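Taken together, the values in this text are just the output of simple stated rules run on the coordinates, not laboratory data. The model shown is predicted, which means the values in this text are computed figures rather than measured ones. For neighbour counting, all protein chains shown are included, and Cβ atoms are generated from backbone atoms with ideal geometry for every residue, glycine included.
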Amino acid sequence: MAHPLEDLVDARIRAAQADGVFDDLAGQGKPLPPEDDPENALINRLMRENGAVPEFVSLSRELERLREELAETGDRTRRADILKEMSMMDAKIDLARRAYRR
């Protein structure tokens, strides 16, 4: 079963074509640039354009923040807590990297 909006979308595209909206687009007649991951090309482009990063990158940034906090902290209890957080963060980063490679 088709999506209920499919006919509406098709009609809008046909109307735009008839009005010449797609004429003279940049890159017209040229091949699309090669894509390393064609299956996920759209989501990868959207992430790149919006400054999103893979989970392991954001976790690595958090780990770096924890390292800085550890260097600045003299309290033994807080240092122990930070070291535990860092250990957990290393494990999360490893899992996120494995998931990203799939």
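Based on the Kirkwood radius over alpha-carbon pairs, what is the Stokes-Einstein translational diffusion coefficient of the chain at 4 °C with 1.567 mPa s viscosity, in µm²/s?
70 µm²/s
Between Tyr100 and Asp23, the modelled label-to-label distance comes to 4.6 nm, taking each label 7 Å out from Cα in the direction of the beta carbon. Select from Gly27, Gly51, Gly74 the residue whose mean-square fluctuation is largest in a Gaussian network model of the chain (Cα-Cα springs shorter than 10 Å). Looking only at Gly27, Gly51, Gly74, the biggest GNM fluctuation is shown by Gly27. If you take the beta carbon distance between Asp37 and Ala11 as r and set R0 to 35 Å, what does 1/(1 + (r/R0)^6) give as a FRET efficiency, to the nearest 0.05? Once rounded, the FRET efficiency stands at 0.65. Using a cutoff of 8 angstrom between alpha carbon atoms and counting only pairs six or more residues apart, the relative contact order for the chain works out to 24 percent. Of all the options Arg45, Arg65, Arg12, the one that moves most in a Gaussian network model of the chain with Cα springs shorter than 10 angstrom is Arg12.
Quickly estimate the mean residue ellipticity at 222 nm for the chain, helices only: each DSSP H run with n ≥ 4 gives -39500 (n - 2.57), and the total goes over all residues, rounded to 500.
Using -39500 (n - 2.57) per qualifying helix, the result is -21500 deg cm²/dmol.
If you plug the beta carbon distance of Val57 and Lys84 into 1/(1 + (r/R0)^6) with R0 = 30 Å, you get a FRET efficiency near 0.85. A dipole drawn for the stretch 54-102 from +1 and -1 charges on Cβ atoms has a positive end, and of Ile82, Leu70, Leu95 the residue lying farthest that way is Leu95.
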